[in-house]
Amino acid sequence: MKWSKEAETAIKKIPFFVRKKVVQKVETHVGQKGKALVELSDVNELKKIFLSKGGMEKEIKGYEITSCFGSAGCPNSANSVTRLSQDIEKILEAENILAFLKKTVKGDLKFHHEFRVSLSDCPNACSRPQIADIGIIGAVLPGVSGEACSLCGFCVTACDEKAVELDEENQRPVIDVHHCLRCSKCISDCLTGTLTEMQNGFRVMLGGRLGRHPRLAMEIHGIYSHDQVLEIVKNCLRFYKCNSQNGERFSHILSSIDPII
Ligand code: SF4
Ligand code: SF4
Ligand code: SF4
C-alpha cells in the first residue's frame with residue numbers, strides 16, 4: 001500500500017517497537033475504507049482509537065515475536081531462525097501470556113507489558129535481540145578440516161573481527177574463538193573447504209529492555225540447538241510467570257535476583 005509523505009513522517013514518530021503493529025493496523029483500516037493510499041488523516045484517526053480508554057488494550061496479544069529479514073534472501077544469514085521462530089510462537093501461544101497479564105497487571109494493559117522475543121539470522125542483529133526479553137542469533141562456529149589450505153587469505157579478509165590468522169609455517173588458518181562472532185563468513189569465502197562448520201545453532205541472550213532503565217540482554221555463552229533453545233524459552237516463561245507481578249518485565253526480575261545479571 002502507498003503512503004503519503006505526511007503519513008510516513010507521522011508513522012516514524014511512533015516508537016519502533018509498536019510501529020510494525022500500527023502500520024499493519026493503519027493499512028487494514030485504510031483497506032477497509034476501499035482506499036489504496038494512506039494519508040495523514042488515517043494515521044491520526046488510528047492514533048485517536050489507540051489512545052482512547054481501552055483502545056490499546058484490544059491490540060495487545062501478550063507477546064511480540066520479531067525476526068530479521070534474513071529469510072528474504074539476506075546474504076549475511078548464518079543460520080535461519082524461521083522454523084525456530086514458528087516453534088517459539090507456538091510455545092508463546094500455548095502459555096497464554098495475555099491471560100496471565102490480564103490477571104496480574106493492575107490497570108490497563110500496555111504494549112510494554114508484552115513479553116518480547118527477537119531473532120536474527122546473524123550477529124548483525126537487525127531485529128535488535130539485545131533489547132528483547134529473549135534474544136536469539138543464528139550462529140556457526142568455524143573449524144579447520146583436513147583439506148589443504150592455499151594460504152589465499154580470503155578468510156582473513158572476510159573476518160571483520162580479525163579473528164582469523166594464517167599460520168604460514170604449518171599452512172593452516174587459526175581461529176581466535178574468543179573474538180569470533182560465529183557469523184560463518186570465513187567459511188563461505190574459503191574455496192578449498194579448509195574452513196568448515198564445527199558447530200551450528202543459535203546464541204541466546206536474556207533480559208534486555210529499553211525504557212527508563214535500559215539494559216542489554218546478557219548472553220548465555222555457547223551455541224544451542226533448536227530443541228535446546230525451545231527448552232530455554234519454556235524455562236524462561238515458567239520463571240517469568242512464577243515471579244512477575246503487576247507487569248514486571250523479565251529483565252527486572254533477573255536483575256532483582258542478581259544485580260550483576
Ligand atoms: S541480521 Fe543478518 S541475516 Fe538478518 S537481515 Fe540483518 S544482516 Fe541479514
Ligand atoms: S565466523 Fe565470522 S567472526 Fe568467526 S572467524 Fe569466521 S568470519 Fe570471523
Ligand atoms: S583457510 Fe581457506 S580461505 Fe583461508 S587461507 Fe586457507 S584456503 Fe584461503
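Of note:
- Per-pair calculated FRET efficiency, R0 = 25 Å: ILE257 and LYS103 via Cβ, rounded to 0.05: 0.65
- A cysteine counts as unpartnered when no other cysteine's C-beta lies under 4.7 Å of its own; in the chain this applies to CYS74, CYS122, CYS149, CYS152, CYS159, CYS180, CYS183, CYS190, CYS236, CYS242.
- For a label point 7 Å along the Cα-to-beta-carbon line of PHE239, residues of the range 112-151 with backbone N under 14 Å: 133-135
- Order of PHE250, PHE111 under a 10 Å beta carbon neighbour criterion, fewest first: PHE111, PHE250
- Here each label is just a point 7 Å from Cα along the line to Cβ, and for ASP167 and SER80 those points are 3.6 nm apart.
- Length gained on full extension, GLN199 to ASP227, computed as 0.36 nm times the residue gap minus the Cα-Cα distance: 8.6 nm.
- Across all Cα atoms of the range 102-213, the radius of gyration (one decimal) and Dmax (whole number) stand at 19.6, 69 Å.
- Among the GluC sites (Glu not before Pro) within the range 159-261, those in coil by DSSP and having at most 13 neighbouring Cβ atoms inside 10 Å are GLU168, GLU169.
- Relative exposure of SER41, SER244, judged by other C-beta atoms within 10 Å (fewest first): SER41, SER244
- Considering only trypsin sites (Lys or Arg not before Pro) in DSSP loops that have at most 10 other Cβ atoms within 10 Å, the longest stretch of the chain without any of them is 107-161.
- Highest-fluctuation residue, CYS242, CYS183, CYS149 considered, GNM on the chain with Cα pairs under 10 Å: CYS242
- Reported to the nearest whole Å, the Cα centre-to-centre distance from the range 8-33 to the range 141-155 is 48.
- The calculated pair-distance distribution of the chain uses every alpha carbon pair, bins of 10 angstrom beginning at 0, and gives 6, 25, 27, 21, 13, 6, 1, 0 percent.
- Kirkwood hydrodynamic radius of the range 161-261, Cα pairs, Å: 16.6 Å
Rule-based calculations on the coordinates, nothing more; no lab input. Everything numeric here is computed off the predicted structure, so don't read it as measured data. Because the Cβ atoms are built from the backbone with ideal geometry, glycine has one as well, and the counts that use them run over all protein chains shown.
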